[in-house]
Structure formats: C-alpha cells, structure tokens
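One structure below.
The values are calculated or read from the model by the stated rules, or taken from the named source; none is laboratory data. Keep in mind the model is a prediction, meaning the values are calculated, not measured. Virtual Cβ from ideal backbone geometry, glycine too; neighbours counted across all protein chains shown. Accessible surface is based on the protein model in full, side chains and every heavy atom, while ligands, DNA and RNA are left aside. Shrake-Rupley method; radii C 1.70, N 1.55, O 1.52, S 1.80 Å.
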Amino acid sequence: MRTQVCIVGGGPSGLLLAQLCHVAGIDAVVLERRKREHVLARIRAGVLEQGLLRLLEEAKVPTRMDSHGYPHDGTVLSFADGEVRIDFRAHTETPVMVYGQTEVTRDLYEARDATGGVTLHEVEDVEIGNADLEGDAGCTVSFTHDGTRKEIACDYVAGCDGFHGVSRQNIPVEKRQEFERIYPFGWLGILSETPPVHHELIYANSAHGFALCSMRNESLSRYYVQCPLTDKVEGWSDEAFWDELRRRIPARHAETLVTGPSIEKSIAPLRSFVCEPMQYGRLFLAGDAAHIVPPTGAKGLNTAASDVHYLFQALKARYQEADSAALATYSETALRRVWKTQRFSWWMTKLLHRFPDTDEYELRIQRAEIEHLATTPAAQATLAINYVGLPY
Ligand code: APR
Ligand code: PHB
C-alpha cells in the first residue's frame with residue numbers, strides 16, 4: 001500500500017487532519033488501534049473554539065452544530081464570597097460553542113465514510129520506519145491487521161495517536177525533551193439526564209475543592225468535583241456526588257440543582273505535558289500525542305485542532321506549491337501556541353483548585369488573585385481572550 005500521509009490514530013486529531021487532506025487532494029490513510037465504537041464511547045470536554053469550528057468548515061465536515069450546538073457568550077466563576085461572570089462577547093466579540101467532543105468525533109467519522117478514504121481499525125503493533133530519512137526516500141508504517149503484517153509506504157507520518165501512542169517514542173530520547181506536571185487530585189465526573197443548573201458553565205472554587213457545572217444539552221448535564229487521586233468511582237454513590245457538588249457551588253444554584261441517576265461516572269487524573277520537538281524527520285506529532293493539559297480551561301481538543309491547522313497548512317504548501325519550509329518549522333510554530341494554552345490551563349487549575357499541600361500564604365495569594373479578577377476588567381479580558389481561543 002502507498003499513500004502520501006499515513007495518519008496514526010483515529011481520534012479527533014487524526015480524523016480532522018485526514019478530512020482536511022482529502023479536501024486538498026492529499027491522499028491519507030488512517031490507522032486506529034481500537035474499534036470505532038470504542039473511540040466514540042469516550043466522553044470528553046465539550047467546549048469548542050471558533051478556530052476549530054472554522055477548521056471543520058474548511059474540512060467540509062457536516063456537523064449537527066446548528067441544531068445541537070449551544071453558543072455561549074460567557075461563563076461564571078464562583079468563589080467563597082461571590083461570582084464573576086466572564087463576558088466573552090464584551091471582551092472578544094466571540095462566543096464558544098458547547099458541543100460534545102464525542103459528537104465532533106462522530107461527525108468526523110461520518111465525513112470520512114463519505115470520502116471513501118481508507119481507515120483501518122484494530123490495527124496493532126504500529127512501527128514507523130525511516131522517519132529520520134531526509135531527501136526523496138519516504139518512510140514506512142508497518143502494522144498487524146486482520147492477523148497479517150502489512151506495510152504502507154508514505155511521504156510523511158502524522159502521529160495523532162494520543163498520549164499513550166507509539167509515535168512520540170519514535171523521536172530518539174536524546175533528541176526529545178518532555179515537560180510534565182502531575183496534579184495531586186483528579187476530577188470525578190458524572191453525566192446525568194437532568195437539565196443543566198445554569199445556562200452557562202460554572203467553574204467553582206470552594207473551600208471544599210473545585211467543581212464544574214457543564215452540559216451537553218437542555219436535558220443532559222455534565223458535572224465534576226475535584227477529588228483525591230486515591231478515590232475510587234465505586235466509593236462515590238450518586239447521592240454523595242450530588243451532596244458534594246451542592247456544597248461547592250453558589251447557594252442559589254445548589255437550591256435549584258436537579259439531580260438524577262448518573263449515566264456515566266469516572267475519575268480522571270489531571271496532567272500537564274509537552275514533548276519537544278513535535279517533529280522528527282518525516283514524523284509530525286499532533287494533539288495529545290505531543291501534549292496534555294488539565295481540563296480546567298477546556299483546551300485539550302482545541303489545542304489539538306491548532307496543531308492540525310499548522311500541520312495541514314504545511315502539508316498543503318508542500319504538495320500544492322512544492323514548498324517544504326513550513327513543514328521544517330512545524331514544531332516551532334505549533335509549540336508557540338501550545339505553550340500559551342499550557343500556561344492558561346495551568347493558571348486556571350491553580351486559580352480554582354484546592355491543593356492538598358497549600359499553606360495559608362498560598363491561600364491568601366489565591367484569594368488576592370480572585371479579588372483582582374473580580375474587580376479588574378482587564379484581568380477578565382485576559383481570561384476571556386484565552387478561553388475563547390488565541391488566534392492561530
Ligand atoms: N496505533 C494506532 N492508534 C493508536 C495507537 C497506536 N499505537 N495508540 C493510540 N491510538 C489511538 C487511540 O485509540 C485514539 O483513538 O489514537 C487515538 C488518539 O486519540 P485521542 O487520545 O483522542 O487524541 P487526539 O486525537 O489528539 O485528540 C485530542 O482532545 O480533549 C482532548 O484528550 C482529549 O481526545 C482528546 C484530545
Ligand atoms: C465538559 O463539559 O465536559 C467540560 C467543560 C469545560 C471544561 C472541562 C470539561 O473546562
């Protein structure tokens with residue numbers, strides 16, 4: 001088999017890149033380790049930046065955004081003694097779109113089906129060969145599929161295989177630097193068929209820890225509470241979850257919160273991670289394969305999308321204008337924006353959570369930061385600009 005770009009990983013990054021390539025007439029094959037149903041069963045954040053929406057349009061992906069998406073003009077941050085509404089429209093003239101990542105992935109799969117492009121599922125033992133070769137010789141991706149070993153010859157490999165993928169490991173250790181923060185808590189999240197407690201998201205900093213009120217639609221809510229990493233999902237009954245959530249959000253919302261049985265419940269650890277560089281020879285990393293953010297700023301998928309944008313622009317220049325300059329500088333270009341979203345996600349996490357080792361000094365600093373934010377429009381503008389998404 002031969003293709004121009006072999007995409008390892010059929011998550012949102014890989015699928016979006018495949019779709020953009022298709023529209024530009026660049027041939028691509030997608031290799032995914034899991035079954036499609038498995039990929040579509042993952043529940044992840046649901047706040048999309050305009051940049052991602054524009055990319056979906058550019059990729060000609062029909063979405064159900066018009067009927068099933070919710071543009072949000074602001075978000076609420078709540079604290080022990082009050083609330084601040086961050087007005088996206090006032091500060092940036094840009095809303096964000098609340099639309100589940102699972103829906104985005106489903107839309108991308110349907111668009112991929114319509115193109116007739118090759119997407120292989122349940123692919124095992126992916127190995128990338130000759131990634132380091134310069135010049136005209138291409139590289140190879142070999143893998144096991146349907147019990148047989150196969151090989152694809154390609155010009156480039158896009159490593160879109162997420163944090164636990166193999167692509168990143170193909171950058172030799174001595175050429176790779178990894179930067180990481182592990183946070184000393186997790187998020188316990190539930191999905192419930194209940195109306196959202198408020199029409200906008202509420203990020204709550206409380207003495208009992210962080211909580212987030214989010215949503216998927218008028219009758220489907222997503223809530224989270226910060227919890228110790230040692231907690232087990234089985235140890236959290238629905239009642240215990242609702243009680244904890246009520247303790248952490250403003251009283252007026254706690255009083256009107258509609259509860260019900262959870263239809264999904266899980267605990268996710270929080271991590272910040274960046275791999276530098278994001279390219280090695282003919283291999284280019286995009287999305288979670290290269291970086292992870294804690295979910296506090298809703299930047300995971302959105303940052304993956306900005307990588308895909310830069311990588312696609314570079315591939316387009318290479319194939320349509322025989323210009324490889326942007327491919328050569330892809331890592332530098334992508335990393336500049338990656339680090340800004342790292343900073344924002346880290347900052348939001350520090351601002352809103354209770355760290356187990358926080359002393360009184362740091363608590364006072366956190367309180368001062370909150371007061372500054374609550375009383376300073378310029379600080380609110382900075383938050384809004386980052387939350388709705390920095391320009392590509
Ligand atoms: N071979 C083939 N596929 C693989 C391999 C492998 N060795 N390892 C992992 N994969 C697949 C995974 O099964 C998964 O479907 O790669 C895909 C990676 O998808 P994601 O982890 O979703 O990463 P990405 O596509 O970069 O999406 C960005 O945004 O909100 C965040 O973390 C969230 O998924 C999200 C991300
Ligand atoms: C979600 O809806 O799951 C969600 C929203 C915003 C975040 C994180 C998760 O910051």
(message) Among the numbered criteria (1) touching a Phe, Trp or Tyr at 6+ places or on another chain (Cβ under 9 Å); (2) open to solvent by 10 Å² or more (accessible area, probe 1.4 Å); (3) not in a loop (DSSP other than H, G, I, E, B), which one does Ala240 miss?
(response) (1)
(request) Could you name every one of the helices (runs of 4 or more DSSP H) located completely within the stretch 249-359 that has at least 2 residues being polar (S, T, N, Q) and open to solvent by 40 Å² or more (accessible area, probe 1.4 Å)? (result) 300-321
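Out of the stretch 183-209, which residues are over 22 Å from Tyr70 (Cβ atoms) and either open to solvent by less than 20 Å² (accessible area, probe 1.4 Å) or within 16 Å of ligand 1 (Cβ to nearest atom) (or both)?
The first filter runs over the stretch 183-209 and keeps only residues over 22 Å from Tyr70 (Cβ atoms), leaving 183-186, 188, 205-209.
The answer is Tyr183, Phe185, Gly186, Leu188, Asn205, Ser206, Gly209.
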(request) Identify all residues within the stretch 142-164 that are more than 23 Å from Gln313 (Cβ to Cβ) and open to solvent by less than 60 Å² (accessible area, probe 1.4 Å); write none if there are none. (result) Ser142, Phe143, Thr144, His145, Ile152, Ala153, Phe163
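Can you report the number of residues in the stretch 123-141 which are within 16 Å of ligand 1 (Cβ to nearest atom), among the aliphatic types (A, V, I, L, M) and either open to solvent by 20 Å² or more (accessible area, probe 1.4 Å) or within 24 Å of Glu174 (Cβ to Cβ) (or both)? Working first, answer last.
Just the residues of the stretch 123-141 that are within 16 Å of ligand 1 (Cβ to nearest atom), to begin with: 123-129, 131, 139-141.
When the remaining residues are screened for being among the aliphatic types (A, V, I, L, M), the result is 123, 126, 128, 131, 141.
Of the ones still in play, those that are also either open to solvent by 20 Å² or more (accessible area, probe 1.4 Å) or within 24 Å of Glu174 (Cβ to Cβ) (or both) are 126, 128, 131, 141.
Residues in the stretch 123-141 being within 16 Å of ligand 1 (Cβ to nearest atom), among the aliphatic types (A, V, I, L, M) and either open to solvent by 20 Å² or more (accessible area, probe 1.4 Å) or within 24 Å of Glu174 (Cβ to Cβ) (or both): 4 in total.
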(message) For Leu327, only one of the following conditions fails: (1) more than 30 Å from Met215 (Cα to Cα); (2) within 13 Å of ligand 1 (Cβ to nearest atom). What is its number?
(response) (2)
